[in-house]
């Protein structure tokens, strides 16, 4: 049985908008045409996908399952068209890479330089993306590769570990620990710790939380109100500390000091990519990056 990608797109729109009226407006369809499309899709699948009994539309479990697969299918279709068009035009492939704020621009640059040492012809385009955006754009075929830390791949994505970086601790220049060269994990028990993701919703924050608990204390976490900036800058103007992967020493124009964390702790660098999408350039990048 074949599924119409347009009908799947209609289902996704209704689920995201919550009503047929808003979904029809988004899709530039009449409400009747949209309703007929969804009914036809339900007949093809053989089960109800939506509960229409309330003021808003509720997606049934079967609909949730189909939507999860539909997002993957849409991304595969878009990537297939893009790949065929590129090959037909004789264009070289540019690897579109996204990285979360947990992976710094310096780390991405160092990784790409390492890859270029063995793959000098490989072209890349790099942009920072928040975790949710990274996942969406990988599934949609708008990115070829994502670099992150401890993100759990959702359906349609796969993950591998490229390496790891040693954690250090950043403090503001006026912090009581700023005159230290190193700090032990247990010394942070009474310090407020700045993180970037919400506990329970961020794999990287959960990893740091677990690290503190292994060190024998329950940390006081606060989410950085300024997102997207270099991690070490989060402590400027605060009495907080932050776990970073920047090298020890002065940072942010001398406003931050990065201390060696003892005992050594490392965090993984992960790669995410669409499981069912072919990319020779991505495979070459992963081989070089992991070598």
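Against the condition within 19 Å of residue 100 (Cα to Cα) and under 25 Å from the mean Cα position of the chain (by Cα), how does residue 199 come out, does it pass?
yes
Are any residues in the stretch 221-232 at negative phi, in contact (Cβ under 8 Å) with a residue 12 or more places away in the chain and surrounded by fewer than 21 Cβ atoms within 10 Å (Cβ to Cβ), and if so, which ones?
Answer for the stretch 221-232, where residues must be at negative phi, in contact (Cβ under 8 Å) with a residue 12 or more places away in the chain and surrounded by fewer than 21 Cβ atoms within 10 Å (Cβ to Cβ): 221, 222, 223, 224, 227, 229, 230.
Per-residue answers, yes or no, for (1) out of contact with any helix residue (DSSP H, G or I) (no Cβ under 6 Å at 6 or more places or on another chain); (2) in the same structural domain as residue 188 (by TED's automatic domain parsing); (3) in contact (Cβ under 8 Å) with a residue 24 or more places away in the chain; (4) not in a strand (DSSP E or B):
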site	(1), (2), (3), (4)
239	yes, yes, yes, yes
242	no, yes, yes, no
253	yes, yes, no, yes
259	yes, yes, yes, no
277	no, no, yes, yes
284	yes, no, yes, yes
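Go through the residues of the stretch 236-252 one by one and say whether even a single one is surrounded by fewer than 17 Cβ atoms within 10 Å (Cβ to Cβ) and out of contact with any strand residue (DSSP E or B) (no Cβ under 8 Å at 6 or more places or on another chain).
No, the stretch 236-252 contains no residue that is surrounded by fewer than 17 Cβ atoms within 10 Å (Cβ to Cβ) and out of contact with any strand residue (DSSP E or B) (no Cβ under 8 Å at 6 or more places or on another chain).
Within the stretch 184-191, is even one residue assigned to a strand (DSSP E or B), in contact with a helix residue (DSSP H, G or I) (Cβ under 9 Å, 6 or more places away or on another chain), touching a residue at least 12 places away in the same chain (Cβ under 8 Å) and assigned by TED's automatic domain parsing to the domain that holds residue 225?
No - not one qualifying residue is present in the stretch 184-191.
Taking the stretch 90-122 as the region of interest, how many residues are loosely packed, with under 12 Cβ neighbours inside 10 Å and in contact with a strand residue (DSSP E or B) (Cβ under 8 Å, 6 or more places away or on another chain)?
Result for the stretch 90-122: 1.
The values are calculated or read from the model by the stated rules, or taken from the named source; none is laboratory data. All values derive from a computational prediction rather than experimental measurement. Cβ: placed from backbone, ideal geometry, glycine included. Neighbour counts: every protein chain shown.
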